[in-house]
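S.K.: The structure under discussion is supplied below as structure tokens; questions concerning it will follow.
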Amino acid sequence: MKVAIVGAGIAGLSCAYELEKYGIRPDIFEVQDTFGGRGFNHTAGWMNIMYRPVKDAVEYLKKDFGIVIKPMERVTQVDFYSKNETVTITGPKLGYILLVGPAPGSINHQLAAHIRTPVQFGQIVNVRDLARQYDYVVVATGTPEIPMVLGNWRTDIAGYVYGANVAGEFSPQTIKIWFNTQWCQRGYAYFVPWNDRKGSLVINVQEIGSHGAQKCWQKFLADIKWDIDILEVFETPHNIGHVYQRRYKNILFAGLAGGFVDPLFAFGQIAAVDSGASAAKAIAEGADYDQLVTNWLRRNNDLRIVRRYVDKFSDDDFDLALRVIRAPFFRTVVTRSNVNLIRILSFVAKAMVSHKIEPMVT
Ligand SMILES: Cc1cc2nc3c(=O)[nH]c(=O)nc-3n(C[C@H](O)[C@H](O)[C@H](O)COP(=O)(O)OP(=O)(O)OC[C@H]3O[C@@H](n4cnc5c(N)ncnc54)[C@H](O)[C@@H]3O)c2cc1C
């Protein structure tokens, strides 16, 4: 069977690894000259609460896919900030910190070490041509262009990421998250450490592009007044959406290009692995791709509802949300229990949506 994979990122490499288990050696086409997704290095958080019913992302990848990933650190503390409130949540198993990008040790290189098939770097390919030449094509480009061109994409969030790797003094297991409409409008900001001396400080904003994001970034830095040195700045569009069909004829869409990024915080790495591996299973076994990824589709639908509600939040609403997070029952949900918080939030949001949200333009 001839299979082409477009994109050697998280979804593409996971797809290749799974195909190899069935004895299929795909052709992997990567536009860049090396592994590393968007080409810059940054830290990422795998927050367990975002992946329910998965309890522990690292164990899940090992048990279900045979993918062994060594995180840089565990997350044992998350600090939330709104305009007038600060809340800290602690726990031994909140999540993990990973490095993403071209640097050695990144998730990209760790995944690449699993596969035997050589990647063809620096390749510019046309998906429609590939679809004629191969039995199957997996689109795993980490961007929406190809599903867009095929008329298979709808954008939920026109996101833009602006950030920097910074030097300072940090707690290596603490992630920080800010909500403040003054400088982030409908987005949020976060800090994920590399170690006690370095970390990635990032804002994730919507519908304002590069110049708007830079303005937000300056206001954000002025507001938090951190004693840091900026080492390198990075920026990229981060459009989140969904595809109408995850499988169109012999083309399957995985990772971000398949709509597998959450529409609340724009987390997508575990779903990228899962969708890449599931696309491989669907090809090799003739299984129903949608069925294999049904948990992620449901999660994203739930989060899309929550997002539409949160998009209307004022700073007072964020203050209130943080006071709820401070409540003991909420801490129990986050740190210890198996409760699917996303499901609960979506039910609450649905109940509130009718009076708080105008219908989406279709
Ligand atoms: C700054 C930032 C921070 C993030 N933080 C988190 C986080 O903390 N937690 C989390 O879960 N998620 C996070 N995400 C989201 C997550 O990184 C993505 O959801 C995930 O990488 C998607 O995987 P993918 O395989 O679809 O794309 P990628 O991993 O980006 O891989 C796509 C690959 O395809 C290649 N490519 C692109 N176009 C072509 C083409 N035409 N032909 C051939 N190759 C092509 C690219 O070069 C790249 O190598 C973050 C994203 C960004 C931008």
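The values are calculated or read from the model by the stated rules, or taken from the named source; none is laboratory data. Computed from a predicted model, the values in this text were never measured in an experiment. Cβ sites come from the backbone with ideal geometry, for glycine too, and all protein chains shown count toward neighbours.
Rundown of residues vs (1) out of contact with any helix residue (DSSP H, G or I) (no Cβ under 6 Å at 6 or more places or on another chain); (2) buried (at least 17 other Cβ atoms within 10 Å of the Cβ); (3) in a helix (DSSP H, G or I), yes/no style:
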| position | (1), (2), (3) |
| --- | --- |
| W217 | yes, yes, yes |
| V233 | yes, no, no |
| L264 | no, yes, no |
| S278 | no, yes, yes |
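S.K.: Looking at region 170-200, which of the residues that are in contact (Cβ under 8 Å) with a residue 40 or more places away in the chain and part of a loop (DSSP other than H, G, I, E, B) is farthest from L252 (Cα to Cα)?
M.R.: First pass over region 170-200, keeping only residues in contact (Cβ under 8 Å) with a residue 40 or more places away in the chain: 171-183, 186, 188, 190, 192-195, 199-200.
Narrowing further to those that are part of a loop (DSSP other than H, G, I, E, B): 171-173, 179-180, 186, 194-195.
Details: S171: 41, P172: 38, Q173: 37, F179: 36, N180: 38, R186: 32, W194: 34, N195: 38 Å.
Checked region 170-200; the qualifying residue farthest from L252 (Cα to Cα) is S171.
S.K.: I need a count of the residues in region 35-63 that are without any contact (Cβ under 8 Å) to a residue 40 or more places away in the chain and either in contact with a helix residue (DSSP H, G or I) (Cβ under 9 Å, 6 or more places away or on another chain) or within 13 Å of the ligand (Cβ to nearest atom) (or both). I'd like the intermediate steps shown before the answer.
M.R.: As a first pass, look at region 35-63 and keep what is without any contact (Cβ under 8 Å) to a residue 40 or more places away in the chain: 56, 58-59, 62-63.
Then keep just the ones that are either in contact with a helix residue (DSSP H, G or I) (Cβ under 9 Å, 6 or more places away or on another chain) or within 13 Å of the ligand (Cβ to nearest atom) (or both); that gives 56, 58.
Total meeting the criteria: 2.
S.K.: Go through region 127-140 and count every residue that is surrounded by 22 or more Cβ atoms within 10 Å (Cβ to Cβ) and in contact with a Leu (Cβ under 8 Å, 6 or more places away or on another chain).
M.R.: Looking only at that region, the number is 4.
S.K.: What residue, among those in region 172-217 that are aromatic (F, W, Y) and under 19 Å from the mean Cα position of the chain (by Cα), is farthest from V306 (Cα to Cα)? I'd like the intermediate steps shown before the answer.
M.R.: Taking region 172-217 and keeping what is aromatic (F, W, Y), we get 178-179, 183, 188, 190-191, 194, 217.
Adding the requirement that they be under 19 Å from the mean Cα position of the chain (by Cα) leaves 178-179, 188, 190-191, 194.
Details: W178: 18, F179: 15, Y188: 15, Y190: 19, F191: 23, W194: 30 Å.
Among them, the one singled out is W194.
So that you can scan it fast, the table gives a plain yes or no per residue for (1) surrounded by fewer than 20 Cβ atoms within 10 Å (Cβ to Cβ); (2) closer than 30 Å to R343 by Cα; (3) among the acidic types (D, E):
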position	(1), (2), (3)
D229	yes, no, yes
R246	no, yes, no
A254	no, yes, no
D290	yes, yes, yes
R298	yes, yes, no
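S.K.: For region 46-71, give me each residue that is at pLDDT 95 or above, closer than 23 Å to V333 by Cα and surrounded by fewer than 17 Cβ atoms within 10 Å (Cβ to Cβ).
M.R.: Of everything in region 46-71, just one residue is at pLDDT 95 or above, closer than 23 Å to V333 by Cα and surrounded by fewer than 17 Cβ atoms within 10 Å (Cβ to Cβ), namely E59.
S.K.: Going by the conditions given, is E285 within 13 Å of the ligand (Cβ to nearest atom), out of contact with any Asp or Glu (no Cβ under 9 Å at 6 or more places or on another chain) and among the charged types (D, E, K, R)? Explain how you work it out, then say what you get.
M.R.: Values: within 13 Å of the ligand (Cβ to nearest atom): no; out of contact with any Asp or Glu (no Cβ under 9 Å at 6 or more places or on another chain): yes; among the charged types (D, E, K, R): yes.
No.
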